[in-house]
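Beneath this line is the structure, given in structure tokens, with notes to follow.
Bear in mind these aren't lab numbers, they're just calculated from the coordinates by the rules spelled out. Note that the structure is a prediction, hence the values are computed from the model and not measured. Every residue, glycine as well, gets a Cβ built from its backbone with ideal geometry; the counts of neighbours run over all protein chains shown.
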Amino acid sequence: MGITVAVAGASGYAGGELLRLLAGHPEFEVIAATAHANAGERIADLHPNLVSYGDQRFAPTEPANLSPAELVFLALPHGQSAAVAAQLPASCRIVDVGADFRLRDATAWELYYGGPHAGTWTYGLPELPGQRAKIAASTRVANTGCYAVAIISALAPLIAADLVEAEDVVVVASSGTSGAGRSAKVSLLASEVVGDLTGYKVGAHQHVAEILQATGARTLSMTPVLAPMPRGLLATVTARPTSSAATAADVRAALAQAYQDEPFIHLLPDGVQPRTAATFGSNSVHLQAVLDISSGRVVVTSAIDNLGKGAAGQALQNANIMLGLAEGTGLAVNGVAP
């Protein structure tokens, strides 16, 4: 028997992707996959791609079903993880895929999410300086948000290197419909989404708070766009350079230095723009940087699979680090094409 694992909220898209990745992980054994409304149903009936789970069924999301596991992933809606985590034993390692424990500032939590702040866990983005060691020493880790992974990866090294101003960051980012979860909503029907682009939560997206927290940016204007595709996320991050002498080569050099030893973050060759399709099914981030010839602003584009590096893949990467396993175990660097 390997390291025992449970997934709470396994009926959702992120939870289902976690089950898929865990099925191919050589060290983990899934002993419980829990759900609310879908409790009692066969996993493969709800996730037809997960045939390896055979007749295993979703259990109710109750402490008795999660507590026996050595590691628990909480893939629950925002605001629901804290109550479940409080009922699990201290010996159990937990990765929260939701937002409950990402923010240090209770005021920021109340502004973007509402309700009481549950507290702060170790932030789960190992590519940030010094963060990998903190994750390795933690039993409670808060997974990074999907938009946040793409934008922080593009922006944090540039602010750290004093190449761009922290006060003037503008982001336009598009995400597939799976980022909105599996709950039935009229706005997510195929007839509503296909052939359409629309902004949502413009001026008040919840991931802004953790992006500011992780990058050191002081202001960030973000326009999220719902894209007519199931999965994938493309962010365009622009900022004013701190010096008029800055070049695209300077920006690319800073990104290259920051990620030279990172297996999952890839600075593409000069002139090659990131594509969401190229990251499909992977745990990779694809980056490119240019200077806008009209405004002089730094422009960094970033692509991820929102269910991979933006959710389940990132969660598994954090779990590997927490348990002292090779960081990339069970994770793909290469995407699936066509």
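What is the local net charge at Gly328, summed over the other residues whose Cβ is closer than 14 Å to its Cβ (Lys, Arg +1; Asp, Glu -1)? Mind dumping the intermediate values first?
Details: positive: Arg132, Lys309; negative: Glu27, Glu127, Asp261, Glu262, Glu327.
Once positives and negatives cancel, what remains is -3.
Out of the stretch 148-243, which trypsin sites (Lys or Arg not before Pro) are coil in DSSP terms and have no more than 12 other C-beta atoms within 10 Å?
Values: sites: Arg182, Lys185, Lys201, Arg218, Arg231; in loops: Arg182, Lys185, Lys201, Arg218, Arg231.
Those satisfying the criteria are Lys185, Arg218.
Give the cross-link partners of Lys185 among the lysines, using a straight C-alpha distance below 26 Å as the criterion and excluding same-chain residues fewer than 8 apart.
Answer for Lys185, where 26 Å is the Cα cut-off: Lys201, Lys309, listed by chain and number.
Given axes a ≥ b ≥ c from the Cα gyration tensor, I'd like to know whether the stretch 147-306 is rounded (a/c under 1.5), prolate (a/b larger than b/c) or oblate. Walk me through the intermediate numbers first.
Numbers: a/c = 1.99, a/b = 1.59, b/c = 1.25.
Because a/c hits 1.5 or more and a/b exceeds b/c, the stretch 147-306 counts as prolate.
Among the DSSP beta bridges whose two residues both lie in the chain, what percent are antiparallel, rounded to the nearest 5?
Numbers: 24 of 56 bridges.
Roughly 45 percent of the beta bridges in the chain run antiparallel, per DSSP.
Given that just one value was derived from the coordinates, which of (i) -0.33, -0.63, -0.81, -1.09; (ii) -0.20, -0.45, -0.68, -1.12; (iii) -0.22, -0.51, -0.75, -1.16 is log10 I(q)/I(0) by the Debye sum over Cα atoms at q = 0.06, 0.09, 0.11, 0.14 Å⁻¹?
Given (i) -0.33, -0.63, -0.81, -1.09; (ii) -0.20, -0.45, -0.68, -1.12; (iii) -0.22, -0.51, -0.75, -1.16, the structure-derived one carries the label (ii).
Give me the distance in nm between label points sitting 7 Å out from Cα along the Cα-to-Cβ direction at Lys134 and Ala90, one decimal.
A separation of 2.2 nm, rounded to one decimal place.
Can you give me the distance in nm between label points at Asp261 and Thr242, each placed 7 Å from the Cα along the Cα-to-Cβ direction?
2.3 nm
Express in nm, to one decimal, how much length is gained between Thr223 and Glu41 on full extension, taking 0.36 nm for each residue of separation and deducting their alpha carbon distance. Display every interim value, and only then the final one.
Working: separation 182, 0.36 × 182 = 65.52 nm, distance 3.80 nm.
Full extension from Thr223 to Glu41 adds 61.7 nm.
With runs of 4+ DSSP H residues as the only contributors, calculate the mean residue ellipticity of the chain at 222 nm using -39,500 (n - 2.57) per run, divided by the residue total and rounded to the nearest 500.
Working: 12 runs with 90 residues, N = 338.
Rounded to the nearest 500, it is -7000 deg cm²/dmol.
By how many nm would the segment from Ile3 to Ser52 grow when fully extended, if each residue of separation counts as 0.36 nm and the alpha-carbon distance is taken off?
Details: separation 49, 0.36 × 49 = 17.64 nm, distance 1.81 nm.
The span from Ile3 to Ser52 would gain 15.8 nm if fully extended.
Taking the Cβ of Val72 as the centre, find all other residues whose Cβ is under 14 Å away and add up their charges (Lys, Arg: +1; Asp, Glu: -1).
Details: positive: Arg93, Arg140; negative: Glu29, Glu62, Glu70, Asp96, Asp100.
Once all neighbours under 14 Å are counted, the net charge is -3.
Hey, got a sec? Which trypsin sites (Lys or Arg not before Pro) in the stretch 31-107 land in a DSSP loop and have at most 15 other Cβ atoms within 10 Å?
Working: sites: Arg42, Arg57, Arg93, Arg102, Arg104; in loops: Arg102, Arg104.
Counting only loop positions with at most 15 other Cβ atoms within 10 Å, the trypsin sites (Lys or Arg not before Pro) in the stretch 31-107 are Arg104.
Give a quick list of GluC sites (Glu not before Pro) in the stretch 37-123 that DSSP marks as loop, anything other than H, G, I, E or B, with at most 14 other Cβ atoms within 10 Å.
Working: sites: Glu41, Glu70, Glu110; in loops: Glu41, Glu70.
For GluC sites (Glu not before Pro) across the stretch 37-123 that sit outside H, G, I, E and B with at most 14 neighbouring Cβ atoms in 10 Å, the list reads Glu41.
Net charge near Arg240: determine it from the other residues with C-beta under 11 Å of the C-beta of Arg240, scoring Lys and Arg +1 and Asp and Glu -1. Present the calculation step by step, with values, prior to reporting the outcome.
On the way: positive: Arg297; negative: Glu165, Glu167, Asp168, Asp292.
Net charge in that neighbourhood comes out at -3.
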